[in-house]
Amino acid sequence: MISEGGVDEMVDGQGGIRPQWRGLLGVLGALGEGGLAERARRLDRAFDDEGVTSILPGANDHSWRCDPVPLLISAAEFAELQAGLAQRARLMQAILADIYGSQSLLADGVLPPALVFANPAYLRPCGIAVPGADRLSLLDFYAADLIRGPDGAWRVLADRTAGAAGIAQARENRRMLARVMPEAFRGEQVRVLRPFFDIWQDSLQRMAGGIASRQEGKRNPSVALLTPGTGSPYWFEHMFLSRELSCALVEGADLTVRAGAVFLKTLKGLQPVDVLLRRLDGRMIDPVELEAGSLLGVPGLMDAARGVAIRITNDPGAGAAEAPALAGWLPTLCLRLLGERLLLASVPTMWLGDQQARTILHEQPANWLIRSAGDGRAAATPLAALAEVDRAALLARVEAQPWAYAATAAMPPSVAPSVGARENGRSGMVPRQVMLRMFLVFDGAEWRAMHGGLARVLAPEDRLAGALPGSGIAKDVWVLNDDRSDIIGPAAVPLGSLPIRRTTGDLPSRVADDLFWLGRYVERLEAAARLIRATLNRLTRGAPLPRELTEVQTLAQCLLHAGVIQGDLPSIVASTTPLADAMLGSVREGGAVGRLFERVARLIELVRDRLTGDMYSAFTHSLRLAHADAQRARRSLDQLAHAMVGILRFSSSVAGVAAENMVRGGGWLFLELGRRMERAWSVTGQLAIVLDQPPSRIEPALRLALELCDSVLTYRSRYLTVLQAAPALDLVLADPGNPRGLAFQLTAIRDLLREATGETDLPFVAEAEALLQEALAAVRTVSEAAEQAEAASHLPARLRAIETGVADLSDQISRHFFAVLPTAHTVGMNDTNGIKGAA
């Protein structure tokens, strides 16, 4: 828990309002009673619309809210902070260069060995010398958590050298606040954030150009951002940074090390990577030399970095400088390594390996926070908040291993105005404690700070220090430009002319795999909805006729075949109640439809960096609505029918947005290929069940086949009310112009495969053509038969053979395009391994 109190950000040392706050307070006051609370609600809605929160409620929900009242910093105060933090960043570079290089600080007794070698972030493989390498390059990005002390001065609570989170949230806060409260910006000249990202991008491109120039042949430099994936609470930030910095978003499985160099696996082959922007725990980055059990890293990556075939930023071992206990030595280290006095002090910190420090701690335990000496991501424990027995137990652990702990002064952070409930119950501005996180990047010559940052609003139960939590309330940070001068970004880095490319081969294999399966699962969700809706139409008409009972039994068999419901057919169709209960159970948590929602949501997140903002918003908005309707449809068949309509709207929005917004390249191609493969598999399986009737019942079977293929109106417009086997089967099996028919799917699959490979004689292209010809031949058999009903009743065996052929074709596609991945998908809906199963 944090201490109460702290100075007021709005008030100066004489009790007056700081100049930078006066204009903003006037704007906020003009909003009137309840106006500020309304802006807060609009901000929350804007963040939901933009997809900053999770797609499905409760699914990996790592969401931040933005307080509409920003934190203001004057130009003069920012200049002091920038100078102090730039010096600390240079100091961190020098410390890392020493402990991973000559280790003179340890040899001379300046630093205790326990502070380095017992530090979990100190990675010995990073200390192997690289001939001619600049050890200062261990650190390229730096951040710091600051609090304003009781004397009004800012102090650093934590140095972040391993890659701090929150920069994407800072940028989104600015964008959303400008949209929701534009009047607040009109009276102030707020420094913009964009130049910081330009500097960062130019720095990465410069590094990549240096690496690429050492290698044979002329090519464009390549930068990639390494992420642990969608399971990370900072996935949104990783996706955001990859776009802002124009680098590929990759996971460990996307990369491989060959002949000492790092490559990205794409459909076209291996593409070299020159710079890796690390957003993965340094210990997990290489399972060969670091964490052996890591499934997220790249084997051989450290060896490639030592060979200067790739530059990793920040270096995997850079987190060693985050050790909280190191703060106590920074003034001495600054004089020794930089020859300068430390400009920006830390919050008073003691290493408890020193006896004198432990004596002070025991004399004044309520004044200190206990922290790990080496782990800067671990939360601090306030002794004042512990019960006597818990405090005694913690102090006993400190005495047992004093070198493993540090103590930081329990300094209350400053307070700033925020939206909240007042004592009278009305919403308005209330004081809340804040912590400021600022970001800096090294441009190759000097450290440059972002003209803003992330201000966290601290709740009473929050703990100081530790990693950035996955959710909370944040503030936009405004740096006011007092002199009204323009902010000029860096000059562009000169690059060679880019060759024109219109190929699909540069799409990473993992992304193609995810898009393929996104298409399949969207279609699978739609097919389930259509089957449930067709069944409900018959169950809700009252007492069913004998013909309708037969259709219900057929539909139940289709639902079982598709994995939408579970059980055995006789017991499910014994009466309408078991079937209704089974369909209602499918939309509940853990049911087949519920699992499909989760898988579609996860796949949308996996390919989010390949979707524009409008596309992502369209996908997620319609998916949220459909999922909410499905969650309410747990007891009522009417609600279940309404939920199925929502699913069909979602699938239609995916198809429409993809058709109109995606460039006809690799992304669209594999999304479309997945949809067509799944629809072909679904149509053949359903029609094989529907047509498995004696000749005397083939007419109602044909009617149901037209309904499931959404082709009733088309048939009536062509043939009026006359229903015959050959015309009906031609429409659903052989008509290349019917987007719900089998021939359309197989034709599209064949053409998409030709486009993806650029070849026409590959085995799976020939297989797609053979399946199409078999479908056409099956219809010809019926049309040429003297007894069409008799011929139609013999089609199920041929359709099941086509269904098996489609599944085999899917396996061939996976082996050809996605074989570089260590995982595989399963075709059935009953798979227990989630979206991806074992290899």
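The values are calculated or read from the model by the stated rules, or taken from the named source; none is laboratory data. Small disclaimer: the values here were computed from a predicted structure and weren't measured. For neighbour counting, all protein chains shown are included, and Cβ atoms are generated from backbone atoms with ideal geometry for every residue, glycine included. Ligands, DNA and RNA are excluded from the accessible area calculation, which covers all protein heavy atoms including side chains. Shrake-Rupley method; radii C 1.70, N 1.55, O 1.52, S 1.80 Å.
So here's what we get for this one:
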{"quantity": "Residue within region 660-683 that is among the polar types (S, T, N, Q) and open to solvent by less than 50 Å² (accessible area, probe 1.4 Å) present", "calculated": "yes"}
{"quantity": "Conditions (1) in a helix (DSSP H, G or I); (2) open to solvent by 50 Å² or more (accessible area, probe 1.4 Å); (3) among the hydrophobic types (A, V, I, L, M, F, W, C); number of the one not met by A574", "calculated": "(1)"}
{"quantity": "Residue within region 693-706 that is under 27 Å from the mean Cα position of the chain (by Cα), of a type in the set (D, E, K, R) and open to solvent by 50 Å² or more (accessible area, probe 1.4 Å) present", "calculated": "no"}
{"quantity": "Residue within region 241-250 that is within 19 Å of the chain's Cα centre (by Cα), within 21 Å of D140 (Cα to Cα) and among the hydroxyl-bearing types (S, T, Y) present", "calculated": "yes"}
{"quantity": "Whichever residue in region 554-571 is among the polar types (S, T, N, Q) and over 20 Å from T684 (Cβ atoms) and, among such residues, is most open to solvent (accessible area, probe 1.4 Å)", "calculated": "Q566"}
{"quantity": "Residue that is nearest to the chain's Cα centre (by Cα) [pool: residues in region 288-302 that are without any contact (Cβ under 8 Å) to a residue 24 or more places away in the chain and closer than 12 Å to P125 by Cα]", "calculated": "E291"}
{"quantity": "So R524, is it more than 19 Å from L706 (Cα to Cα), surrounded by 21 or more Cβ atoms within 10 Å (Cβ to Cβ) and among the charged types (D, E, K, R)", "calculated": "no"}
{"quantity": "Flag for L276 being out of contact with any Asp or Glu (no Cβ under 9 Å at 6 or more places or on another chain) and either buried (at least 19 other Cβ atoms within 10 Å of the Cβ) or in contact (Cβ under 8 Å) with a residue 60 or more places away in the chain (or both)", "calculated": "yes"}
{"quantity": "Residue list for region 187-220, restricted to those being of a type in the set (S, T, Y) and open to solvent by 30 Å² or more (accessible area, probe 1.4 Å)", "calculated": "S213"}
{"quantity": "Candidate set from region 610-639 (those that are modelled with pLDDT under 85 and touching a Leu at 6+ places or on another chain (Cβ under 8 Å)); member that is most open to solvent (accessible area, probe 1.4 Å)", "calculated": "R635"}
{"quantity": "Inter-residue pairs, beta-carbon under 8 Å, first free of Cβ contacts under 8 Å to residues at least 60 places away in the same chain and in region 755-773, second of a type in the set (K, R), 6+ apart", "calculated": "T760/R754; V765/R750; V765/R754; A768/R750; E769/R750; L772/R750"}
{"quantity": "Unique match (being in contact (Cβ under 8 Å) with a residue 12 or more places away in the chain, under 23 Å from L193 (Cβ atoms) and not polar (S, T, N, Q)) among V419, V415", "calculated": "V419"}
{"quantity": "Any chance R716 is over 27 Å from R608 (Cα atoms), open to solvent by 10 Å² or more (accessible area, probe 1.4 Å) and under 34 Å from the mean Cα position of the chain (by Cα)", "calculated": "no"}
{"quantity": "Matching residues, region 596-610, being assigned to a helix (DSSP H, G or I) and in contact with a helix residue (DSSP H, G or I) (Cβ under 8 Å, 6 or more places away or on another chain)", "calculated": "L596, F597, R599, V600, A601, L603, I604, E605, L606, R608, D609, R610"}
{"quantity": "Close pairs from region 75-99: first open to solvent by less than 10 Å² (accessible area, probe 1.4 Å), partner among the polar types (S, T, N, Q), Cβ under 6 Å, at least 6 apart", "calculated": "M92/T161"}
{"quantity": "Given (1) modelled with pLDDT under 95; (2) open to solvent by 70 Å² or more (accessible area, probe 1.4 Å); (3) assigned to a helix (DSSP H, G or I), index of the condition T804 fails", "calculated": "(1)"}
{"quantity": "When residues of region 221-270 are limited to those that are part of a strand (DSSP E or B) and among the charged types (D, E, K, R), the one least open to solvent (accessible area, probe 1.4 Å)", "calculated": "K265"}
{"quantity": "Condition met for L669 (more than 26 Å from F236 (Cβ to Cβ) and more than 20 Å from the chain's Cα centre (by Cα))", "calculated": "yes"}
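Here's the yes/no breakdown for (1) at pLDDT 95 or above; (2) surrounded by fewer than 17 Cβ atoms within 10 Å (Cβ to Cβ):
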{"site": "L330", "(1), (2)": "yes, no"}
{"site": "T359", "(1), (2)": "no, yes"}
{"site": "P365", "(1), (2)": "no, no"}
{"site": "L369", "(1), (2)": "no, no"}
{"site": "A380", "(1), (2)": "no, no"}
{"site": "V415", "(1), (2)": "no, no"}
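The rows are residues; the columns are (1) under 30 Å from L383 (Cβ atoms); (2) in contact with a Gly (Cβ under 9 Å, 6 or more places away or on another chain); (3) modelled with pLDDT of 80 or more.
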position	(1), (2), (3)
E4	yes, no, no
M10	no, no, no
L24	no, yes, yes
V27	no, yes, yes
L31	no, no, yes
L36	no, yes, yes
R42	no, no, yes
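Yes/no per residue for (1) over 30 Å from the mean Cα position of the chain (by Cα); (2) of a type outside the set (V, I, T); (3) more than 25 Å from P469 (Cβ to Cβ):
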{"position": "G149", "(1), (2), (3)": "yes, yes, no"}
{"position": "R160", "(1), (2), (3)": "no, yes, no"}
{"position": "E183", "(1), (2), (3)": "yes, yes, yes"}
{"position": "D198", "(1), (2), (3)": "no, yes, yes"}
